[in-house]
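These notes concern the structure reproduced below.
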Amino acid sequence: MLLTTILLWALNLSVTKYILTHGFLPLPYATVRYAFAGAIFIALTLYLERTLRVERRHLPVLALAAGTLWLNQLSFVFALDVTTASTIGLLLGAIPIFAAVFGLALGTERPTGRFWVAALVSAVGVGLVAAGSGGELASSIGGILLGLSTAATWAAYSVVVGPLMRTYSPSRMSAIVIPGAWVAIALSGLTQTADQEWDLGWEIGVLMVFATIGPLVLTNVLWFRSVHRIGANRATLAANLQPFVAAVLAVVLLSEPLSWLQIAGGVLIGLGILVVRRRALVAQAT
């Protein structure tokens, strides 16, 4: 289940990049995808739990979660629109570092020498990924910044929803948060959606269904079942493979270039993650 989740997450970058380069504009793509996913999660939750009820005191946190997910999707689709899927895949390896930074800001993490070393190593890795991305300078920098924003907003979303997972199931959380994010995405994309050409062929339709059901819906179920069976630390450590798998798939499926600087940067980002994760594993063991 865990390996399937990692593969689907990684494959999503190549699939989304292909869709965006074959006629779909970024915001209409996100609008359709999240409308479809939101409807699935609502139906699934009502079938399994018979309710979408949440406590009133949690509504502000859920609204914040929907806001961070909205920013995440804007960053994600525009990042893939202006740069390669392999570059974004490598940059997403910085998510654990951003999560640790947000934990420090909220007081749930304490800064240590190990953390600052990990942050520095990962920052150097990001710099190498940026230096090796190629293309025109402006578009490269824009894509790198959007990729980092994708990683940072996903980390923020994870930190925000984490405490609520003790109260609500993942499907109920998604049934509330994803439709909320969809409203913001749809409103942001009204102009692009009005200009969107919808006759893109059956192949794009099939890939859109896959991008919704696979990486967005199915992984939600598989990920949390994996966490339940083998523990969060072991599952998250294995999930660190995802950025590298995403980069390799983009090179193979889309024939994207991947420079040695980018590979070296991805390795450094991975080393930074391992430093952070090793600290978490030691802390749990003690």
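The values are calculated or read from the model by the stated rules, or taken from the named source; none is laboratory data. Source: prediction; values computed, not measured. Don't worry about glycine lacking a Cβ; one is built from the backbone with ideal geometry, like all the others, and counts go over all protein chains shown.
Can we say ALA175 is part of a helix (DSSP H, G or I), at pLDDT 75 or above, farther than 30 Å from VAL251 by Cβ and more than 21 Å from the chain's Cα centre (by Cα)?
Values: part of a helix (DSSP H, G or I): yes; at pLDDT 75 or above: yes; farther than 30 Å from VAL251 by Cβ: yes; more than 21 Å from the chain's Cα centre (by Cα): no.
No.
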If we only count helices (runs of 4 or more DSSP H) wholly inside the range 54-129, which ones have 1 or more residues that are hydroxyl-bearing (Ser, Thr, Tyr), in contact (Cβ under 8 Å) with a residue 12 or more places away in the chain and under 21 Å from SER174 (Cα atoms)? 59-82
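From the list TYR18, TYR47, exactly one residue is over 22 Å from the mean Cα position of the chain (by Cα) and surrounded by fewer than 21 Cβ atoms within 10 Å (Cβ to Cβ). Which is it?
On the way: TYR18 fails: over 22 Å from the mean Cα position of the chain (by Cα).
Only one candidate qualifies: TYR47.
Quick one: how many residues across the range 1-53 are closer than 22 Å to GLY143 by Cα and not in a helix (DSSP H, G or I)? Even if it seems obvious, please write down each step before you answer.
Of the range 1-53, the ones closer than 22 Å to GLY143 by Cα are 9-31, 33.
Add one more test, that the residue is not in a helix (DSSP H, G or I), and what stays is 21-25.
The number of residues fulfilling the criteria is 5.
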